[in-house]
Structure formats: structure tokens, C-alpha cells
Amino acid sequence: MLLNDFFTINTIETSDAEVKAELVIHAGHRIFDGHFPGQPVVPGVCMMQMVKEVLEQVLEKETMLSTAAEMKFLAVIDPTKNNSISAHIKYTREEDGTVKGTASLLRMCWCILSLRGCF
């Protein structure tokens, strides 16, 4: 779990099946000791986990990314230069309990991560 350790949620807004959240990455986190010393970069797996954990806050249940039909890492996040990002998630709940959704992590108007999958 990365929430409240690696990152925090500053604000979160929900409507019907859409989530918008402002996130702050902790630039001094120990992950950056190895990824990469002197040139910190948020690992892609951490970006995916952040989306998952924001969605869990809204759904109020644990999830697991079971299918990633599309995943694009479009930019790197250097937390020493800009540690504030936005998460935008749109989702639907299926009859079988599966949650399908699309998510983006954004820094200002730049898309960092684009994801479409099932949770």
C-alpha cells in the first residue's frame, strides 16, 4: 500500500462513475534511493498502484488489476521537480462485480499514464 506513505490524496471529487483526485508524491521516499539515485523517477508500477488505490478509496473495497487492455507510460515523473499530479478515473460496475475503467495520471495538461482495464 502506497497511500499515505509514497503519496497522499490532497483532494478527491466523485460524481456518478468519475473520480478526480489531486495527489502529492513524497519526493524523499526510500523508493527513490534506488530508482534512481540522483535522478529520481516514479516507477511505472507505482503509477499503476496509485490509480488502484485512488479507485479503492471511492469504491471502499480492495481491488486487483486483473486485465490491462491498454497501458501507456507517456512521460516520467521526477518528484523533485513536480510532485503534484492529478488522477482522472472513469469506471463502470459490471453485474459480476468487476469494475471496468479508464484512468489517466496528469501533470498540468500533460498525460503521464493512460490505462484501460478491469479491476
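The values are calculated or read from the model by the stated rules, or taken from the named source; none is laboratory data. Keep in mind that this is a model prediction, so the values were computed, not measured. For neighbour counting, all protein chains shown are included, and Cβ atoms are generated from backbone atoms with ideal geometry for every residue, glycine included. Please note that ligands, DNA and RNA were not included when accessible areas were found on the heavy atoms of the full protein model with its side chains. Shrake-Rupley method; radii C 1.70, N 1.55, O 1.52, S 1.80 Å.
Looking across segment 108-117, the residues that are over 14 Å from M50 (Cα atoms) and either of a type in the set (S, T, Y) or open to solvent by 30 Å² or more (accessible area, probe 1.4 Å) (or both) come down to M108, C109, W110, C111, R116.
Going by what's in this entry, would E70 be described as in a helix (DSSP H, G or I) and either touching a strand residue (DSSP E or B) at 6+ places or on another chain (Cβ under 7 Å) or open to solvent by less than 70 Å² (accessible area, probe 1.4 Å) (or both)? Taking the combined requirement at face value, the residue does not satisfy it. Filter segment 7-47 down to residues that are part of a strand (DSSP E or B) and charged (D, E, K, R) and give me whichever is surrounded by the fewest Cβ atoms within 10 Å (Cβ to Cβ). The qualifying residue surrounded by the fewest Cβ atoms within 10 Å (Cβ to Cβ) is E13. Scanning segment 77-89 for residues that are out of contact with any Pro (no Cβ under 8 Å at 6 or more places or on another chain) and either among the hydroxyl-bearing types (S, T, Y) or surrounded by 12 or more Cβ atoms within 10 Å (Cβ to Cβ) (or both) turns up I77, N82, N83, S84, I85, S86, A87, H88, I89. Any idea which of T98, T92 is open to solvent by 50 Å² or more (accessible area, probe 1.4 Å), among the hydroxyl-bearing types (S, T, Y) and within 15 Å of R116 (Cα to Cα)? Result of the check over T98, T92: T92. Filtering segment 48-63 to residues that are in contact with a strand residue (DSSP E or B) (Cβ under 7 Å, 6 or more places away or on another chain) and open to solvent by less than 40 Å² (accessible area, probe 1.4 Å) leaves M50, V51, E53, V54, L55, V58, L59, T63.
May I ask you to verify whether D78 is among the charged types (D, E, K, R), assigned to a loop (DSSP other than H, G, I, E, B) and within 17 Å of F6 (Cβ to Cβ)? Write out each step before concluding.
Details: among the charged types (D, E, K, R): yes; assigned to a loop (DSSP other than H, G, I, E, B): yes; within 17 Å of F6 (Cβ to Cβ): yes.
Here the answer is yes, as D78 does meet what is asked.
Residues checked against (1) under 14 Å from S104 (Cα atoms); (2) under 13 Å from the mean Cα position of the chain (by Cα):
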position	(1), (2)
A21	yes, yes
D33	no, no
L65	no, yes
I77	yes, yes
